[in-house]
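See below for the structure under consideration.
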Amino acid sequence: EQWGGETQRVDSAIETAVDGVYAPKHIGSCPDMDEAAGAAAVASTRGAWDNGMGLWPTMSVAGRIKHVEDFTHRMIEVRDEIVRLMCWEIGKPYKECCVEFDRTIEYVRDTIDALKELDRTSSRFVIESGIYAQVRRAPLGPTLCMGPYNYPLNETFATLIPALLMGNPVIIKPPRHGKLLFAPLMEAFRDCFPAGVVNLIFGNRRLVKPILESGVVNVLAFIGSSEAANAMRLLHPSPNRLRCILGLGAKNAAVVMESADMDLAVSEAVSGSLSFSGQRCTALKILFVHENVVDEFIRRFNEGLKNMPIGMPWVDGVRITPLPEPGKIQYLTDLVADAEAHGAKVVNPGGGAVDRSLFHPAVLYPVNGQMKVYHEEQFGPVVPIVPFKDVETPIRYIIESRYGQQMSIFSDDAAEVASLVDPMVNQVCRVNVNCLCQRGPDVFPFTGRKDSAEGTLSVGDALRCFSIRTLVAAKGTPRNKA
Ligand code: G3H
């Protein structure tokens with residue numbers, strides 16, 4: 001509204017038939033902002049920060065909470081519109097879009113409660129060696145928030161809300177797919193926050209470049225690939241000064257031991273690898289199954305695929321839906337062909353079939369280290385299964401991985417579980433026993449080692465990420481002057 005730019009057509013992940021010809025459905029348009037818009041966003045955010053002396057960074061915690069609560073009420077009023085736009089734009093099953101919206105509201109409320117608690121504890125004075133000290137949490141400054149397409153609302157708000165509550169003015173750049181759903185929020189952002197505190201921009205990398213190059217942004221909160229994060233960090237004139245809060249790639253493995261409860265292991269593995277068509281950073285992206293139970297596991301896994309119906313996202317019960325990323329279908333098709341060329345087979349009937357932007361889940365077996373799917377983060381409905389004899393094989397895989405987010409162990413033997421948990425907590429940031437990998441509940445710490453994350457994005461931890469501890473220390477108390 002304020003900065004304009006060329007208008008860009010926005011298509012749905014879902015193609016529709018017109019006179020029998022399928023084509024992407026045109027669902028809206030939004031500005032494709034240029035570099036001048038990036039510079040305007042920088043100036044606006046810098047004004048709101050005003051070297052830390054602006055209205056927002058100096059406002060009381062209670063004052064900021066009130067603004068965020070007012071915004072949340074307005075956001076709830078447009079729930080239906082947001083949910084429907086999300087469903088059309090990224091093809092997420094309608095019910096899962098509702099869950100994402102409600103989870104986001106809960107995240108905001110829990111973060112407000114966590115801030116009240118943080119504020120209570122930081123208003124206390126401690127006395128040590130005759131010095132009175134109060135530890136406060138102060139804002140860091142202009143913050144750039146960029147969420148991913150798979151959780152365009154929830155993951156963007158997981159950084160936006162703690163950043164705002166801690167007193168940082170923000171620039172939000174929604175993902176390339178999943179941006180239209182920010183349109184119903186624009187008026188609420190404008191009405192509920194002081195000028196310059198929330199700056200919403202639409203565009204591609206061209207727009208982000210001048211923002212980071214300006215050196216005005218002190219915090220980069222980004223959920224996406226490590227490659228993109230590294231490239232953005234280097235655009236800042238002082239990369240060491242830029243605080244990065246990052247949620248990046250992962251190749252979470254499941255290890256199914258011979259002793260595992262098969263019903264449980266299979267139902268968790270199906271859902272863990274294929275929910276939202278495998279487009280979750282926490283998805284199980286490789287399954288190691290003990291060779292003595294692998295045949296049974298595959299037979300049951302294929303039966304479990306019946307719980308993952310394929311179709312359009314508004315149809316009740318559908319779980320596998322059209323993929324929004326251009327080029328994704330080709331990438332997955334090539335991944336399957338590469339695995340087949342190296343000796344794997346698609347072991348589920350119809351696996352890998354393509355129907356426009358729908359990709360039928362492909363279960364690949366036996367997968368080995370020569371295949372691309374063994375190493376790459378597929379982020380789609382392809383399930384590689386690796387047989388193992390010795391548990392050392394999956395352990396090595398996890399140790400040597402460039403990622404370190406989570407893993408799952410399926411075993412019914414307590415001693416076996418204990419022997420695996422201890423080495424694994426030094427490799428990943430969440431070890432799941434007899435359950436799939438996931439981010440929630442959102443009060444649990446969510447982070448990763450190596451190329452998987454920087455900073456921790458849970459309800460309470462995120463408040464700490466977007467602030468710095470400052471100390472007020474005093475010897476004696478100043479006298480009251482009458
Ligand atoms: O894509 C990454 C998400 O944070 C995963 O969240 O485990 O709730 O699907 P989820």
- Task: Report the full-extension gain for the segment ARG396 to ASP355: residue separation times 0.36 nm, less the Cα-Cα distance, to one decimal in nm.
- Result: 11.0 nm
- Item | the stretch 416-473: radius of gyration over Cα atoms, expressed as a fraction of 2.2 N^0.38 Å | 1.43
- Note on the structure: Asserting the computed 222 nm helical MRE of the chain (DSSP H runs at least 4 long, -39500 (n - 2.57) per run, divided by residue count, to nearest 500) equals -11500 deg cm²/dmol
- Message: How large is the translational diffusion coefficient of the stretch 54-157 in µm² per second when you combine the Kirkwood radius over alpha carbon pairs with Stokes-Einstein at 37 °C and 0.692 mPa s?
- Response: 201 µm²/s
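Based on the mean of other beta carbon atoms within 10 Å per residue, what is the order of 389-396, 36-43, 339-346, most packed first?
Output ranking for 389-396, 36-43, 339-346: 36-43, 339-346, 389-396.
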- For ASP263 and ARG205, extending 7 Å from Cα along the Cα-Cβ vector and measuring point to point gives, in nm, a value of 5.0 nm
- Task: Could you rank the peptides 222-230, 114-122 by their average count of other C-beta atoms within 10 Å per residue, with the highest value first?
- Result: 222-230, 114-122
- Within the stretch 384-420, find all residues whose amide N lies under 17 Å from a label point positioned 7 Å from the Cα of VAL433 along Cα-to-beta-carbon. 407-420
- Looking only at lysines whose Cα falls under 28 Å of LYS450's and that sit 8 or more positions away or on another chain, we get LYS173, LYS209, LYS251, LYS285, LYS328, LYS372, LYS389
- Item | Per-selection Kirkwood Rh - the chain (Cα, Å, 1 d.p.) | 23.9 Å
- Message: Return the equivalent ellipsoid semi-axes of the stretch 356-482 as a descending list in whole Å, where each equals the square root of 5 times an eigenvalue of the C-alpha gyration tensor.
- Response: 43, 20, 14
- Among PRO148, ILE127, CYS97, the residue whose Cα sits farthest towards the positive end of the charge dipole of the stretch 21-169 (+1 at Cβ of Lys and Arg, -1 at Cβ of Asp and Glu, taken about the Cα centre) is ILE127
- Task: May I ask you to list the lysines whose Cα is less than 22 Å away from that of LYS66, ignoring any residue fewer than eight positions away on the same chain?
- Result: LYS116
- Item | Sequence-distant residues sharing a close amide H with ILE409 (under 5 Å, placed H) | VAL255, ASN432, VAL433, ASN434, CYS435
- Query: Quick one: helix 35-49 against the long Cα principal axis of the chain, what's the angle to the nearest 10°, folded into 0 to 90?
  - Reply: 50 degrees
- Point-charge dipole on Cβ atoms (K/R +1, D/E -1) for the stretch 366-428, about Cα centre, debye to 20: 300 debye
- Task: Just order 64-74, 98-108 by mean Cβ neighbour count inside 10 Å, highest at the front, would you?
- Result: 98-108, 64-74
- Message: If I fit a long axis through the Cα atoms of helix 294-304 and take the longest principal axis of the Cα atoms of the chain, what angle between them do I get, 0 to 90°, rounded to 10?
- Response: 70 degrees
- Item | On Cα atoms only, tilt of 226-235 relative to the major axis of the chain in degrees | 30 degrees
- Query: In whole percent, how big is the carbon plus sulfur part of the accessible area of the stretch 374-448, probe 1.4 Å, protein atoms only?
  - Reply: 55 percent
- Message: With every protein chain kept in place and ligands, DNA and RNA left out, what is the accessible area per residue of the stretch 344-444? Probe 1.4 Å, answer in Å².
- Response: 42 Å²
- The answer for VAL386, listing residues at least 5 apart or on another chain whose modeled amide H is closer than 5 Å to its amide H, is LEU287, PHE288, VAL289, VAL367
- Taking the Cα centre of each part, how many Å lie between the stretch 287-326 and the stretch 334-388? 12 Å
- Message: Can you compute 3J(HN,Hα) from phi for each residue in the stretch 97-104, using the Karplus curve 6.51 cos²θ - 1.76 cosθ + 1.60 with θ = phi - 60°, rounded to whole Hz and x for Gly and Pro?
- Response: 5, 4, 4, 4, 4, 5, 5, 5
- Dipole of the chain, Cα-centred, from +1 at each Lys and Arg C-beta and -1 at each Asp and Glu C-beta, to the nearest 20 debye? 2020 debye
- Message: Binning at 5 angstrom from zero up to the longest distance, how are the C-alpha pair distances of the stretch 248-355 distributed in percent?
- Response: 2, 11, 18, 24, 23, 14, 6, 2, 0
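The values are calculated or read from the model by the stated rules, or taken from the named source; none is laboratory data. Quantities reported herein were computed from a predicted structural model and do not represent experimental measurements. Don't worry about glycine lacking a Cβ; one is built from the backbone with ideal geometry, like all the others, and counts go over all protein chains shown. Ligands, DNA and RNA are excluded from the accessible area calculation, which covers all protein heavy atoms including side chains. Shrake-Rupley method; radii C 1.70, N 1.55, O 1.52, S 1.80 Å.
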